[in-house]
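Below: the structure, in structure tokens.
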Amino acid sequence: MPKYTLHYFAAPGRAEVARLIAVVGGLDWEDKHYGYDDWPAFKAKTPFGQVPVLEVDGKMLGQSAAIERYLAKQAGLLPQGDDWAVAHAEALQGFLTDIMNDIMPTMQIKDLDARIKARQDLLQG
């Protein structure tokens, strides 16, 4: 069984759904974090110069949606033999990505009250 290493920053964000899949799916995985000092060296090794990146047996896979689908399949979390159910699972993954795209800018807000207000505004639509 392969060992999965998910490379990202020590924060929630674009790797969070992949982390949840790895935990729920019971995969043998490592959550490798990068900071300001070690990120530039690793960035040069990534497929697209960004994270998250999933490493499996020395091979690197970029892009969160591809990582999520791959891990879900490896963990047996995708429906088997039912293309319609698989499409619904992928629709849910897309919906979670949409939510993350909305939330991500609020993670940069340093002031807690302003961050809370920004997220409340998101909920109000």
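Below is a table of values for the structure above.
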read-out	value
Environment charge at LEU96 (Cβ cut-off 13 Å; Lys +1, Arg +1, Asp -1, Glu -1)	-2
Integer Hz, Karplus 6.51/-1.76/1.60 couplings in order for the stretch 103-118, x for Gly and Pro	7, 3, x, 6, 5, 7, 7, 6, 6, 4, 4, 5, 5, 4, 4, 4
In nm, spacing of pseudo-spin labels at GLN80 and ASP98 (7 Å Cα→C-beta vector)	3.1
Stretch gain in nm, segment HIS33-ILE109, where the contour uses 0.36 nm per residue and the Cα spacing is subtracted	25.3 nm
Straight-distance crosslink candidates among lysines, where the alpha carbon sits under 28 Å from LYS45 and sequence neighbours closer than 8 are dropped	LYS3, LYS32, LYS59, LYS73
The chain, dipole about Cα centre (Lys/Arg Cβ +1, Asp/Glu Cβ -1), debye to the nearest 20	240
By accessible area with a 1.4 Å probe, ligands and nucleic acids excluded, highest first: order of TYR34, TYR70	TYR70, TYR34
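The values are calculated or read from the model by the stated rules, or taken from the named source; none is laboratory data. Predicted model only: the values in this text are computed from it and were never measured. FYI the Cβ positions are ideal-geometry reconstructions off the backbone, even for glycines, and counts take in every protein chain you see. All accessible areas refer to the heavy atoms of the entire protein, side chains included, with ligands and DNA or RNA removed. Shrake-Rupley method; radii C 1.70, N 1.55, O 1.52, S 1.80 Å.
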